[in-house]
Amino acid sequence: MKNIRHQLILLLLTTLILPHLVFSQDNLSFELDYKVNRVYPSLSITKQQLNEARTLFDINEYYKPSWVKEYISVEVSASHQGKIKRAVGKSNTLNQAQKALMNTVDSGTDISVKINYIPNNNLKHNDPKETNFTFIVEPENEAAYIGGVQQLKQYLKENVEDKISDEVFEIYRLTAVKFVVDEEGQIVDAQVFESPAQTFRDTKTEELLLEAVCNMPNWIPAQYANGMKVKQEFVLTAGDHRSCVINLLNIRRNGK
């Protein structure tokens, strides 16, 4: 009877502990990966998103209409043919003049939005407030590695992946090198990304990644539909892409 009881206790403990052991082992393993991603401006939208925009929230997902009790003015300002133009409205909904200005903005220039409003609160003295934000319309054609994604992966394999031991990286460790593809398609301003969130630094690996970026062949530069070419920023990342560092790079994942 005592043996049966011990066996039952052992079975119960195994049932409770085993899933946690399996989880811990899975959590300690990761897929070592090398990727190149676009680094986006703080706030930007595509031409299609701009065409479909109807409200301030449509062009800035961080804007909260619920903050506003009453609009005093909503001023949109942008460069059109080299001169600053303005269009004013009085609501969260964009009017025709504001839409027209945003759709004829000079390529690659900022669009500014300044909102004067009465806050939505219960304060006795509810003074007017002002908030503003600036965004840019992305070029229709993003900068691209000549030969496409597969050729870029092959370049990374030969110049990065094959030269780094898998033992260099551990769980949640990530190394990143930012760089710019300029208007001529050349790689410029390459530098190792540094942050207090990085608990791991390996100088040899950083130097190898930096060298691989600097030795890349020219890219096809980013270009607007009117033919204007602009520079764009990218980042090469190596390691565990579950690292919190990935959230500091301003790349977009899962279509966001």
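With the checklist (1) touching a residue at least 12 places away in the same chain (Cβ under 8 Å); (2) outside any helix (DSSP H, G or I) in hand, flag the one item K99 doesn't pass.
In the conditions (1) touching a residue at least 12 places away in the same chain (Cβ under 8 Å); (2) outside any helix (DSSP H, G or I), K99 misses (2) alone.
Report, by residue number, each residue of the range 132-148 that is touching a residue at least 24 places away in the same chain (Cβ under 8 Å) and either more than 26 Å from the chain's Cα centre (by Cα) or part of a strand (DSSP E or B) (or both).
Residues of the range 132-148 that are touching a residue at least 24 places away in the same chain (Cβ under 8 Å), as a first pass: 133-146.
F133, T134, F135, I136, V137, N141, A144, Y145 - these are the residues of the range 132-148 that are touching a residue at least 24 places away in the same chain (Cβ under 8 Å) and either more than 26 Å from the chain's Cα centre (by Cα) or part of a strand (DSSP E or B) (or both).
Looking only at residues in the range 158-172 that are under 27 Å from P217 (Cβ atoms), out of contact with any strand residue (DSSP E or B) (no Cβ under 8 Å at 6 or more places or on another chain) and modelled with pLDDT of 75 or more, which one is surrounded by the fewest Cβ atoms within 10 Å (Cβ to Cβ)?
Taking the candidates together, the pick is D162.
With the requirement that a residue be among the acidic types (D, E) and assigned to a helix (DSSP H, G or I), what does the range 56-71 give you?
Of all residues in the range 56-71, those among the acidic types (D, E) come to 58, 61, 70.
Of everything in the range 56-71, just one residue is among the acidic types (D, E) and assigned to a helix (DSSP H, G or I), namely D58.
Residue-wise test of (1) assigned by TED's automatic domain parsing to the domain that holds R242; (2) on the phi > 0 side of the Ramachandran plot; (3) out of contact with any Lys or Arg (no Cβ under 7 Å at 6 or more places or on another chain); (4) free of Cβ contacts under 8 Å to residues at least 40 places away in the same chain.
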site: N120; (1), (2), (3), (4): no, no, no, no
site: E130; (1), (2), (3), (4): no, no, no, yes
site: E183; (1), (2), (3), (4): yes, no, no, no
site: E194; (1), (2), (3), (4): yes, no, yes, yes
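Conditions: (1) in contact (Cβ under 8 Å) with a residue 40 or more places away in the chain; (2) within 25 Å of I59 (Cβ to Cβ); (3) loosely packed, with under 15 Cβ neighbours inside 10 Å. N247 meets all but one. Number of the miss?
Tallying (1) in contact (Cβ under 8 Å) with a residue 40 or more places away in the chain; (2) within 25 Å of I59 (Cβ to Cβ); (3) loosely packed, with under 15 Cβ neighbours inside 10 Å, N247 fails exactly one: (1).
For the range 212-256, how many residues meet the condition of being farther than 19 Å from D182 by Cβ, of a type outside the set (A, V, I, L, M) and in a helix (DSSP H, G or I)?
Residues that pass the stated criteria total 2.
Do we have any residue at all in the range 186-194 that's at pLDDT below 90, within 19 Å of the chain's Cα centre (by Cα) and in a loop (DSSP other than H, G, I, E, B)?
Kept after step one, since they are at pLDDT below 90, are these residues of the range 186-194: 194.
Retained after the next criterion (residues that are within 19 Å of the chain's Cα centre (by Cα)): 194.
Now drop any that are not in a loop (DSSP other than H, G, I, E, B), which leaves 194.
Yes: the range 186-194 contains one or more residues that are at pLDDT below 90, within 19 Å of the chain's Cα centre (by Cα) and in a loop (DSSP other than H, G, I, E, B).
Just to verify a result, which residue in the range 119-131, among those that are part of a loop (DSSP other than H, G, I, E, B) and surrounded by 13 or more Cβ atoms within 10 Å (Cβ to Cβ), is nearest to the chain's Cα centre (by Cα)? Give the steps one after another, and end with the answer.
First, the residues of the range 119-131 that are part of a loop (DSSP other than H, G, I, E, B): 120-128.
With surrounded by 13 or more Cβ atoms within 10 Å (Cβ to Cβ) added as a condition, the list becomes 120, 126.
Details: N120: 31, N126: 36 Å.
Among them, the one singled out is N120.
Let's see how each residue does on (1) modelled with pLDDT of 95 or more; (2) in a loop (DSSP other than H, G, I, E, B); (3) farther than 27 Å from V230 by Cα; (4) not assigned by TED's automatic domain parsing to the domain that holds F133:
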site	(1), (2), (3), (4)
S73	yes, no, yes, no
S79	yes, no, no, no
A87	yes, no, no, no
G108	no, yes, no, no
Y117	yes, no, yes, no
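For (1) under 30 Å from V160 (Cα atoms); (2) modelled with pLDDT of 90 or more; (3) more than 29 Å from the chain's Cα centre (by Cα), each residue gets a yes or a no:
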position: T15; (1), (2), (3): no, no, yes
position: S44; (1), (2), (3): no, yes, no
position: N51; (1), (2), (3): no, yes, no
position: S66; (1), (2), (3): no, yes, no
position: Q96; (1), (2), (3): no, yes, yes
position: L101; (1), (2), (3): no, yes, no
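What number of residues within the range 43-55 are assigned to a loop (DSSP other than H, G, I, E, B) and touching a Ser or Thr at 6+ places or on another chain (Cβ under 8 Å)?
Selection size over the range 43-55: 2.
Could you figure out which of (1) surrounded by 14 or more Cβ atoms within 10 Å (Cβ to Cβ); (2) within 18 Å of A53 (Cα to Cα) isn't true of Q96?
Result: Q96 passes all but (1).
The values are calculated or read from the model by the stated rules, or taken from the named source; none is laboratory data. What you see is a predicted model; the values in this text were computed from it and never measured. Here the Cβ is made from the backbone with ideal geometry for all residues, glycine too, and neighbour counts use every protein chain on show.
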